[in-house]
Structures are given as structure tokens and as C-alpha cells.
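Everything below concerns the one structure shown next.
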């Protein structure tokens, strides 16, 4: 299981967000460059249609592959009341022939994306990962070097934390508490419930850059 | 890099059946060669079958020629953190981690129909390690086959180790031949290059050898039946 919230931020304020995250986490940022391929089961395969994501980590000297299945969100009255989405995630590392493997099994490429940005991983009540990325699409199949932004000027911020059935309430609290720190710059909500950009982001960013960042605007 | 390994299976003489006495005689041979027993081992193989929306109960390949008839999952005893999936018809071996079966379970496109265990004792013999075991279905004691692994610690190159493995195999055949058992151990070459595997031995090589060994055991069962 994982707890997740998302938000968007204008690219011009990303540097300020980085300064804030650096200060809050105290860890160095990691480069993110992930080629994400979304595959769907072909007609007739499977009891129900299924979807699987293959992630190729291009930030490493040798690209590594991960198979990722994103399950349904937790439901019920309790889940409705919390501001964080709790969902099942199953991941497995895989050898580099994994795309060919899933094609052989009868899966088809639905779409592919290239996510470029950075991430902070730290412990703050839970093992929290904050990723700030621009989503890019490829003009030609797998042509990651030619990728262009899907939403120029806007970047996606995602906060995730692993959880288990017996502790997700604590993890939700930790993620919610952390979101408060970022509130001047962005709204974070459950995926699919985007609340847009924050009107005060410009002023907050300017303030951060003049004090925390040590840079003048 | 893991050391090189050969898998061999027991091929019964025409009309003969496989029984547990052969297994104990083989273990006796390992001990008579100076092998010291130092533990148990178990490798599991899972047969997956495609689930189709039209609910065809028969082999998927007959009604959906685009889907593989058979998908094997291999959990090796020496690497519990890894899991291998093999599509033999396409000569494809995927290396994943132990969470892979959970991914497959979530996808509901292929399901495990049969699980077989290869299990037995392990013997240390100088630079060699011998693992002699039986093949039995999960939750059953019905003997489906007998096989062995021979591992040679000093080398990882398949080519370079070929001579020493053949020499060992000859000594082994001579030793077990004295027991006058109705059959013999056979090593069937797996075509590693077809799977894109190199001369340097890896766990993927072992997974492919298990698939080959299983095919041989199944063929023997079919012939007897």
C-alpha cells in the first residue's frame, strides 16, 4: 500500500519549492528521469482488462526496470474523509527484456511518458518521497531524447509514502502534516482531484528565494 | 557471478518406472564418492495459464494463437529474492524479484494452475556441490521425476567448465552404473544462446535449465502413459 497526494506548480516557482524541500528534508535531491510505459491487456486477455506500468529509470548509469501495478483506492466512509489517497501498489524489479516479455504475454502499449525532475526522500513520521517532475511525451515511439512537455510551464508534485494495513492512519497523518508546510506554494490533494495552482505561490516563492535561497529575484 | 551448474534428470529404461529407491541409491552414490550431506534444498516451478474473457477452459493457445500456451514461474532455492518467468516457445526468460507473482495475481491475466517442487539433499564434494532431489506436485507425494544439480564452484564460464563437467559426469555415470538401476541420468543441453544468455553463467541459466529438465520429465511421463 501507499499513501499519495498530488498537486501542480508553475515551473517558475519550482526553484523555490526545491529550496523549501531542501530545508525541510535536509537531504540532497535526487535526479529523476523515468521513462514510463503504460501497457494494457489485449482483447480477451484476462478475466478483466488490466493495466501494468513499466518504469525505466534513466537517471542511473545503467537503466533499470521496474514493473508496477497500481491497484484501486481504498474505499468507504473513512477513506472519503481523509485528504490522502490510500491505494495498493505492487512493484517488482525486472530484467531489461520486460517490455518484450509483456508484449509476448498479449499486452499492448497504451501510451508512454518521460518524467524529468527531482526527488527528495526522507523520514518525517513516515518514509516520505516528494517528486517534482515535468511530464513529457515522445513524438516517435521510445524517442526519449526528443521528448516535449505535455503541459509547458506546469510541473507535477507527488508525495508518496509506503504504508501497511496496520499503520496507514499514521502514515496519512504524517503526509497530511507535511503537506501543510508546502501549502503556501501548492495545493495537494488526492490524484484526480486537482485543485489547481495556488494564487499566493508567487509571493511565497519570492519570500523563500530572498530568505532561504540566499538569492535575489 | 554464480558458478556454473548442470542439471540432469533420471531417464528410466523402457518399461521401468521411477521410484524412491532410485533416489536413495543416487544419494548413496554421492556419499560413496566422498560427498558430505549438508542440508536440504527446494526449487519450485509454477505453471501459469492465460485467463481469457470468453472463458475458454481449454489451453489458451488453441483458441488464442497469439497468447503463449505456457508460462513458467521459477523460484530458485539459492536466490529466494528472485523470481524467473519463462515463455519457452518464444525463448524468453525474465528475471524479476520475489514480488512478481503478486503482480501477476493483481493483473488476473495469467493464473497458476499447477505447482511442482524439486527438493532433496545437498552434498559437498570438493569443488563440486551435488543436489539430488525428487520432483513432486505441491501438496502431494506423487513422484514425478528424479533429478540432480551439479555445481562447480571455481568456474562461471560454461565453455571453460565443459571438460571438467563432462569428466565429473563420466565418473558419476560409472559410479551409479554399478548399481544396475533401470535407467540413467541424462544431461540435456539448454540452448542458452537462443535465450540471449551469454557464456557467463547466471541464475537465468539455471531457470532455463529447470524448464528444459521439466520438459524432459513431462515427456518421460507421457511416454510411460
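Where a ≥ b ≥ c are the square roots of the eigenvalues of the C-alpha gyration tensor, would you call region A:1-87 rounded, which needs a/c under 1.5, or, failing that, prolate if a/b is larger than b/c, or oblate?
oblate
Dividing the Cα convex hull volume of region B:96-152 by residue count, how many Å³ per residue is that?
Considering the Cα atoms of region B:96-152, their hull volume per residue is 117 Å³.
Calculate the length of the line joining the C-alpha centroid of region B:1-23 to that of region A:177-193, in whole Å.
62
When all C-alpha to C-alpha distances in region B:69-225 are sorted into bins of 5 Å, what percent of pairs does each bin hold, rounded to whole numbers?
Bin by bin from 0 Å, the calculated values are 2, 7, 15, 20, 21, 17, 10, 5, 2, 1, 0.
Could you compute the FRET efficiency for residue B:24 and residue B:108, with r as their C-beta to C-beta distance and R0 at 56 Å, rounded to 0.05?
Efficiency computed from Cβ-Cβ geometry: 0.85.
In peptide A:106-115, how many Cβ atoms from other protein chains are near each Cβ within 10 Å, on average?
That average works out to 1.
Once you keep just the Cα pairs under 8 angstrom separated by 6 or more residues, what percentage relative contact order results for chain A?
Worked out over chain A, it gives 30 percent.
Between rounded, prolate and oblate, where does the protein assembly as shown land on the alpha carbon gyration tensor, with a ≥ b ≥ c its root eigenvalues, rounded for a/c under 1.5, else prolate if a/b exceeds b/c?
Because a/c hits 1.5 or more and a/b exceeds b/c, the protein assembly as shown counts as prolate.
Want the number for residue B:17 to residue B:99: 0.36 nm per residue separation, take away the alpha-carbon distance, what's left?
This chain segment gains 25.7 nm when fully extended.
Using the alpha-carbon centroid of each, what span in Å lies between region B:85-99 and region B:39-55?
So the two Cα centres are separated by 12 Å.
What nm distance separates the two modelled labels at residue A:22 and residue B:169, each placed 7 Å from Cα along Cα→Cβ?
A separation of 6.2 nm, rounded to one decimal place.
Whole Å is fine, so just give me how far the alpha carbon centre of region B:114-162 lies from that of region A:128-160.
48
Modelling each spin label as a point 7 Å along the Cα-to-Cβ direction, I'd like the residue A:200/residue B:37 distance in nm, to one decimal.
Each label point lies 7 Å from its Cα, and together they span 7.4 nm.
When the helix-only estimate is applied to chain A (DSSP H runs of n ≥ 4, each -39,500 (n - 2.57), divided by the residue count), what is the mean residue ellipticity at 222 nm, nearest 500 deg cm²/dmol?
Mean residue ellipticity at 222 nm (helix-derived): -7000 deg cm²/dmol.
Rounded, prolate or oblate for region B:151-225? Axes are the square roots of the Cα gyration tensor eigenvalues, ordered a ≥ b ≥ c, and the cut-off for rounded is a/c under 1.5.
Oblate is the answer for region B:151-225, as a/c is 1.5 or above yet b/c matches or exceeds a/b.
Using a Förster distance of 45 Å, how high is the FRET efficiency between residue A:83 and residue B:194, based on the Cβ-Cβ distance and rounded to 0.05?
0.25
At 222 nm, what helix-only mean residue ellipticity would chain B give, in deg cm²/dmol to the nearest 500, using -39500 (n - 2.57) for each DSSP H run of four or more?
-9500 deg cm²/dmol
Note down the nm distance, to one decimal, between modelled labels 7 Å out along Cα→Cβ at residue A:183 and at residue A:170.
In this crude label model, residue A:183 to residue A:170 measures out at 2.5 nm.
Could you work out the Kirkwood radius for region A:2-212, taking every pair of different alpha carbons, averaging 1/r and inverting it, reported in Å?
18.5
Each reported figure results from applying straightforward, stated rules to the coordinates on display, with no laboratory input. Being a predicted model, the structure only gives us computed values, none of them experimental. Ideal geometry is used to build each Cβ from the backbone, glycine not excepted, and the neighbour counts take in all protein chains shown.
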